[in-house]
Amino acid sequence: KKLTDETTEALQTRSGFNLLDLKTSSQWAAPGTMIAFGGRSNSGKTAFLINLAYNMATLNEDVVVLFHTIDDSRYIVIPKFVAMDSKIKINHIITPEFSKQFYGTGTIDLIKSRDESYKKLVNLAMEDRLIIKDSELGVSLEAVDQWVKQYRKEYPNRKIIYFLDNFHLLSDMTSIPDERVRNKERSKMIKKIATKYGITIFMTVEYTKIPPGHRPHNFDILETGQIEYDCNAIYHMYNPYSDIKDECDQDKWTWMEYDEVVGTTLVKPRTELITGKSKLRAFNGSYFFHLSPEISYFEEEDNTREAI
């Protein structure tokens, strides 16, 4: 059952995912909170971060969302925001003049919808609601500290939410030869930024070498101990269809959607967001989503099940 509008309005910070908000009481946007998202390559963890960042920027008036991608260029990430909002495939967003031929008989005006979504992003940036930066900002926590400090000084009463993709590509502590020790110190440093400025941090993290199809746990994260200690919550994106395709139970891990642009039904992954740790509330189960990778879009299912 979905939340009523009244209940949703009472939540502290809305994420656009009603069940997720209900189960956490939106406490994951409290000042000083740090939350990690793990997932194998192509699991959808970056897309999920994009959904959260965009939803929080558009659904909450009292926020500054800082999205920092050091995994990809902003020229790769921004079209994903546009695709998520417009529901137009990422490759069509990037090459609209070539791609508009596919939209001749459809209900979507490619150029118009694409431009409207870009204008939304520009307006959000002008209002300091959503600012997207890449490695040009810097890849060190010193650069992050200065960026956050700038917006905290300008907006002392707004909630500042910093998104980082991904934690393990930070360049700090390179003089320490032991990777495990480096990540341990970086975790302490980024947590300090969260508490010093009273902000919320969402970040993606990498795993050790785990086999395809493996259902992830906290101990799969590179340098598990310190990150697990510093984070208020840890979630894992499990996407077996994207990971092992025909070897997974497709009745369980896929869903079907008709694509009017290409005129055929597409098979898409069903994903599980596993709660690895949560101090936000007692719920430690899983959340299930329909993922449309071609538009970086997640849609929440109406039911939850306890973690396996």
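The values are calculated or read from the model by the stated rules, or taken from the named source; none is laboratory data. Just so you know, these numbers come straight off a predicted model, no measurement behind them. Here the Cβ is made from the backbone with ideal geometry for all residues, glycine too, and neighbour counts use every protein chain on show. These accessible areas exclude ligands, DNA and RNA; they are computed on the full protein's heavy atoms, side chains included. Shrake-Rupley method; radii C 1.70, N 1.55, O 1.52, S 1.80 Å.
Is the shape of the chain rounded, prolate or oblate, going by the alpha carbon gyration tensor and its root eigenvalues a ≥ b ≥ c, with a/c under 1.5 for rounded and a/b larger than b/c for prolate?
Rounded, since a/c falls under 1.5.
Fully extended, how many nm does the chain gain between F288 and K209 (0.36 nm per residue separation, minus their Cα-Cα distance)?
Result: 26.0 nm gained on full extension.
Pick from I50, I108, I35 the residue whose mean-square fluctuation is largest in a GNM of the chain, springs joining Cα atoms under 10 Å.
I108
In whole Hz, with x marking every Gly and Pro, tabulate ³J(HN,Hα) for segment 283-297 from phi via Karplus 6.51 cos²θ - 1.76 cosθ + 1.60, θ = phi - 60°.
5, 10, x, 10, 10, 10, 9, 8, 10, 10, x, 5, 10, 6, 10
With label points built 7 Å along Cα→Cβ from the Cα atoms of D178 and S41, find their separation and express it in nm.
2.9
Report, to the nearest whole %, how much of the accessible area of the chain belongs to carbon and sulfur atoms, 1.4 Å probe, protein only.
Here carbon and sulfur together make up 49 percent of the probe-accessible area.
Taking amide H positions as placed 1.01 Å from N in the peptide plane, with prolines and chain starts having none, which residues 5 or more places from Y155, or on another chain, fall under 5 Å of its amide H?
Residues meeting the criterion, in which the H sits 1.01 Å from N, do not exist here.
Mind checking which aspartates and glutamates have their Cα closer than 15 Å to the Cα of K87? Skip sequence neighbours fewer than 8 apart in that chain.
Counting by Cα, and skipping residues close in sequence, K87 has these aspartates and glutamates nearby: D109, D115, E116, E257, D259, E260, E294, E299.
Given Cα pairs under 8 Å that are at least 6 residues apart, what percent is the relative contact order of the chain?
Relative contact order here is 26 percent.
Order the peptides 272-281, 38-47 from the highest to the lowest mean number of other Cβ atoms within 10 Å of their residues.
The peptides rank, most packed first, as 38-47, 272-281.
When the expected Rg is taken as 2.2 N^0.38 Å, what fraction or multiple of it is the alpha-carbon Rg of segment 15-119?
1.23
Give the cross-link partners of K184 among the lysines, using a straight C-alpha distance below 16 Å as the criterion and excluding same-chain residues fewer than 8 apart.
K192
How many Å² of accessible area per residue for segment 171-305, probe 1.4 Å?
46
About the Cα centre of the chain, how large is the charge dipole given +1 on each Lys and Arg Cβ and -1 on each Asp and Glu Cβ? Please answer in debye to the nearest 20.
For this selection, approximately 760 debye.
Under the rule of -39500 (n - 2.57) per DSSP H run of 4 or more residues, summed and divided by the residues of the chain, what mean residue ellipticity at 222 nm is obtained, to the nearest 500 deg cm²/dmol?
Rounded to the nearest 500, it is -11000 deg cm²/dmol.
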